[in-house]
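Taking it in order: structure first as structure tokens, then the write-up.
Since every read-out is calculated from the coordinates, none of them should be taken as a lab result. The model shown is predicted, which means the values in this text are computed figures rather than measured ones. As a convention, Cβ positions derive from the backbone with ideal geometry for all residues, glycine included, and neighbour counts pool all protein chains shown.
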Amino acid sequence: MNDPFLLIRNTAPPPNIAKVSALADLAGSFHRGLRSYAATPLRRLDRLAAELQLASVLLKDESHRFGLNAFKGLGASFAMHHWLATHDVPVDAVFTTATDGNHGRAVAWMARQLGYRAVIFMPGHSVPARIAAIQNEGAEVVLVDDGYDAAVRLALDAADNRGWIVIQDTATDRYREVPDWIGAGYWTMARELEPAVHAPEQPEVDVVLLHAGVGTWAGAMVQYYWHHYGAARPRIVVIEPTEAACLLQSVRVGQPTPATGSLHTIMAGLNCGYPSTDAFDVLRQSVDAFIAIPDIWAERAMRRLAMAQGDDPPVFAGESGGAGVAGLMALMQDPAYAAVRDHVALGRGSRVLAWCTEGVTDPEGWQRVVGRPIPA
């Protein structure tokens, strides 16, 4: 049985940093012009840091972004804006995408603001609350029995056969430009941490935890760190569910390849069987480690974040949103990851940054895990 991790010993800068940086400048200006834009909060989790025997733990809480309960609005909004700025679009245009929930809601939200129709493809097993959130943005939802990767294919086919505009956050051999725009939109999250955490010369954190589905967000953050700091960047660990670790598997074999797990995980936003080809190219040698964690760690992180101790503020993270903290807890508490912990020098003096990329998107599931309803 393979270890649940992969160590990268000789890292190198990712491709296309200058291109994405220039796009990110445009994205930042666009976001600041949105009426609903505001920087999301940074939480200090000092009690959790003490429990894990770390110097500090910071959590960027994206559950407040645009009222969408997740960070995806940054990427989708800029990509749709940039498409309209660079194409002639008819008034009856249809925007479409595939999603496990958050990205599709973001596309539907932006389409409604722009006055366009949206059709969103979702896996057939999607929970009703995530479906309803997209429908409440005025979009049509099409359920796909064969899962997320099949939904992606249908969205791309809709562009070919119906002329719909696909705003997809995963790159394939036939679809590469828009995911770059989406990734550039995500840089706004990192730039909101300047200069307090992302100081000009050297970061004020030692280790950054990034969770991944297809890898577009993680890849964008990695490009930001290499652009901003070069070799002085913080050490970076990418976290995936054990049952959907498509990036770990792909980097292990040296090319994009399907995950070998069951694709059954509560971390629905990370439940992707095949990586973005561009994200694979970015991440394969530009981070320090990949780890795969079982669902039990996501559940523990959800409970720990919700039931705050000491002066730690409560954070109501979804199953995928808390994956960064879940990975940190696994790294510090499970001997199976000791080699990763040593490799990234994670210990008593370490200052750690994680991201809560979504709030509660499945209230019934959250209550089952945490043991109580979401506080009003």
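Under 5 Å between amide hydrogens, built in the peptide plane, is the criterion, and for Val166 it picks out Thr96 among residues at least 5 positions away or on other chains.
Where Lys and Arg each count +1 and Asp and Glu each count -1, what net charge lies around Trp217 among other residues with Cβ under 14 Å from its Cβ? So the environment of Trp217 carries a net charge of -4.
State which stretch of the chain is the longest one without any exposed trypsin sites (Lys or Arg not before Pro), exposure meaning a DSSP loop state and at most 15 other Cβ atoms within 10 Å. The longest uninterrupted stretch comes out as 177-347. Ranking Thr170, Ala139, Phe121 by how far each Cα lies toward the positive end of the dipole of region 73-174 (charges on Cβ) leaves Ala139 at the top. Shown in residue order for region 292-306 are the 3J(HN,Hα) couplings computed by the Karplus curve 6.51 cos²θ - 1.76 cosθ + 1.60 at θ = phi - 60°: 10, 10, x, 4, 4, 6, 5, 5, 4, 5, 4, 5, 5, 5, 6 Hz (x for Gly and Pro). Working from Cα pairs under 8 Å separated by at least six residues, relative contact order for region 73-174 is 30 percent.
Using C-alpha pairs below 8 Å separated by at least 6 residues, the relative contact order for region 201-257 is 41 percent. When only the Cβ of Lys, Arg, Asp and Glu is charged (+1, +1, -1, -1), the dipole of the chain relative to its Cα centre reaches about 580 debye. Dividing the summed helix terms, -39500 (n - 2.57) for each DSSP H run of n ≥ 4, by the number of residues in the chain produces a 222 nm estimate of -12500 deg cm²/dmol to the nearest 500. Around the Cα centre of region 1-157, unit charges on the Cβ atoms of Lys, Arg, Asp and Glu (plus for the first two, minus for the last two) sum to a dipole of about 620 debye.
Among the GluC sites (Glu not before Pro) in region 194-272, those placed in a DSSP loop whose Cβ has at most 13 other Cβ atoms within 10 Å are Glu201. Rounded to the nearest 20 debye, the dipole size of region 219-376 about its Cα centre is 420 debye, using +1 on the Cβ of Lys and Arg and -1 on the Cβ of Asp and Glu. Rounded to whole Hz and in sequence order, give me ³J(HN,Hα) for region 78-95 from the Karplus expression 6.51 cos²θ - 1.76 cosθ + 1.60, θ = phi - 60°, writing x for Gly and Pro. So the J values, rounded to whole Hz, are 5, 4, 5, 4, 5, 4, 5, 6, 10, 9, 7, 10, x, 5, 9, 4, 10, 8.
The residue among Val208, Ala158, Gly183 whose Cα reaches farthest toward the positive pole of the charge dipole of region 155-208, with charges on the beta-carbon of Lys, Arg, Asp and Glu, is Ala158. Straightening the chain between His87 and Asn2 buys 25.9 nm, computed as 0.36 nm per residue apart minus the Cα-Cα spacing.
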